[in-house]
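Enquirer: Following this message is one structure expressed as structure tokens.
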Amino acid sequence: MTKTFSHLWRRSLATGLALIALASALPALAQETGDDLAPPQMIPLSVMLDWYVNPVHAPIIIAQQRGLFEKRGLDVDIQAPADPSVPPKLVAAGRIDLAVSYQPQLHLQVDQGLPVVRVGTLIATPLNALLVRADSGIDDISQLKGKKIGYSVGGVEEVLLAAMLEHNGLSLDDVEMVNVNFSLTPALISEKVDAVTGAFRNFEPAQMKQEGVESKAFYIEEQGVPDYDELIFVANRETLDQHRDADRRFMEAIGEATSWIINHPDQAWQSFIGYDPALDTPLNAAAWKATLPRFALRPAALDAKRYRDFEAFLLERAQIKAQSPVSRLAVDLNAP
């Protein structure tokens, strides 16, 4: 009995010591092998929109709603700015990881020395359009000679309009520019102006229709302006290598969300408005349908020619001091 008990005690002690040694080795083993023995560490990523949440941000919101960021080990903080000009500046200052911005503005910011670079595309076509009332009798831009054109922001908007007018045999001297202070559709509906520039084709026409007024749009890429990406994601170029893996995972999630939206638009709409009940408006519902065809199906993919051509376009019109190489403007996160 005593001998048997002693034998069993020694076996139990040996087993216990072995278990203690194994437990002590597990954290180091998990760290070395990278297996699931250690809990995954979430990577924080701050993303600032260009404005308040609306249908153009659907892939970001849907990716959050469906856990696609979390699935890739990302803890994404979505923020909205009080001023749409601020997000790229915060990225340049290292206070935000990614920002939604605009390709035309990117060229100007890089020329001014801001260390920002495009790392992905959200909206792959221009949204900017020149609008007139459908009952205005204006069927061609050349008919705008002597007419009033409303605008909200100068700078690039004026350059785009000038190119459209030149494409149709006119110049800015042939029209009267009127600052309507971000009231594009009210100014056009009330006929204070004959046309407005800088209108987004997925919003303003729907807004006018709700007011009982049909519109006619002239699309800038058909009127002498190079094609470009409307909404893009920008990162800090100087710290890009440190965040490249997180940025790549983010774009993968955006791509998966975009595909799901295209395949399930009605279900996606319900998920979108579930993010904030205030999004459930007739205008957003109309804009949702108009925006779906414009999302980039491959967010990380880079069309270098677009950036090269638009850079040359701005240089020709003296909007930038020198032409930057595409590598300074935009990167493909999936490139070797």
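The values are calculated or read from the model by the stated rules, or taken from the named source; none is laboratory data. A quick note: this is a predicted structure, and the numbers were derived from the prediction, not measured. Quick reminder, even Gly has a Cβ in these numbers, built from the backbone with ideal geometry, and neighbours come from all protein chains shown. The area values use the complete protein model at the heavy-atom level, side chains included, leaving out ligands, DNA and RNA. Shrake-Rupley method; radii C 1.70, N 1.55, O 1.52, S 1.80 Å.
Enquirer: Just to check your reading of the model, which residue among Val193, Val132, Val110, Val119 is crowded, with 17+ Cβ neighbours inside 10 Å, in contact with a Phe, Trp or Tyr (Cβ under 6 Å, 6 or more places away or on another chain) and among the β-branched types (Val, Ile, Thr)?
Expert: Numbers: Val193 fails: in contact with a Phe, Trp or Tyr (Cβ under 6 Å, 6 or more places away or on another chain); Val132 fails: in contact with a Phe, Trp or Tyr (Cβ under 6 Å, 6 or more places away or on another chain); Val110 fails: in contact with a Phe, Trp or Tyr (Cβ under 6 Å, 6 or more places away or on another chain).
One residue alone meets the criteria, Val119.
Enquirer: Return the pairs, sorted by first residue and then second, in which the second residue is open to solvent by less than 70 Å² (accessible area, probe 1.4 Å) and assigned to a helix (DSSP H, G or I), the first residue lies in region 300-323 and is within 24 Å of Gly255 (Cβ to Cβ) and among the hydrophobic types (A, V, I, L, M, F, W, C), the beta carbons are less than 6 Å apart, and the residues are 6+ apart or on different chains.
Expert: So the pair list comes out as Ala300/Met251; Ala304/Val326.
Enquirer: So Lys209 clears everything in (1) open to solvent by less than 40 Å² (accessible area, probe 1.4 Å); (2) of a type outside the set (A, V, I, L, M); (3) under 27 Å from the mean Cα position of the chain (by Cα) except one condition, right? Which one?
Expert: (1)
Enquirer: Can you go through Tyr102, Tyr151 and tell me which one is touching a residue at least 24 places away in the same chain (Cβ under 8 Å) and more than 30 Å from Thr258 (Cβ to Cβ)?
Expert: Numbers: Tyr102 fails: more than 30 Å from Thr258 (Cβ to Cβ).
On inspection, the qualifying residue turns out to be Tyr151.
Enquirer: Another question, then. Among the residues of region 52-79, write down those that are touching a helix residue (DSSP H, G or I) at 6+ places or on another chain (Cβ under 9 Å) and open to solvent by 60 Å² or more (accessible area, probe 1.4 Å).
Expert: Gln64, Gln65, Arg66, Glu70, Lys71, Asp75
Enquirer: With the requirement that a residue be surrounded by fewer than 17 Cβ atoms within 10 Å (Cβ to Cβ) and either of a type outside the set (S, T, N, Q) or modelled with pLDDT under 95 (or both), what does region 274-287 give you? Steps first, please.
Expert: Taking region 274-287 first, the residues surrounded by fewer than 17 Cβ atoms within 10 Å (Cβ to Cβ) are 274, 276-278, 280-283, 285.
Matches in region 274-287: Gly274, Asp276, Pro277, Ala278, Asp280, Pro282, Leu283, Ala285.
Enquirer: Here's something else I'd like to know. So, of the residues in region 288-323 that are among the acidic types (Asp, Glu) and more than 30 Å from Ala63 (Cα to Cα), which turns out to be surrounded by the fewest Cβ atoms within 10 Å (Cβ to Cβ)? Can you show your working first?
Expert: Quick first cut of region 288-323, residues among the acidic types (Asp, Glu) only: 303, 309, 311, 316.
Still in the list and also more than 30 Å from Ala63 (Cα to Cα): 309, 311, 316.
Numbers: Asp309: 14, Glu311: 24, Glu316: 11.
Checked region 288-323; the qualifying residue surrounded by the fewest Cβ atoms within 10 Å (Cβ to Cβ) is Glu316.
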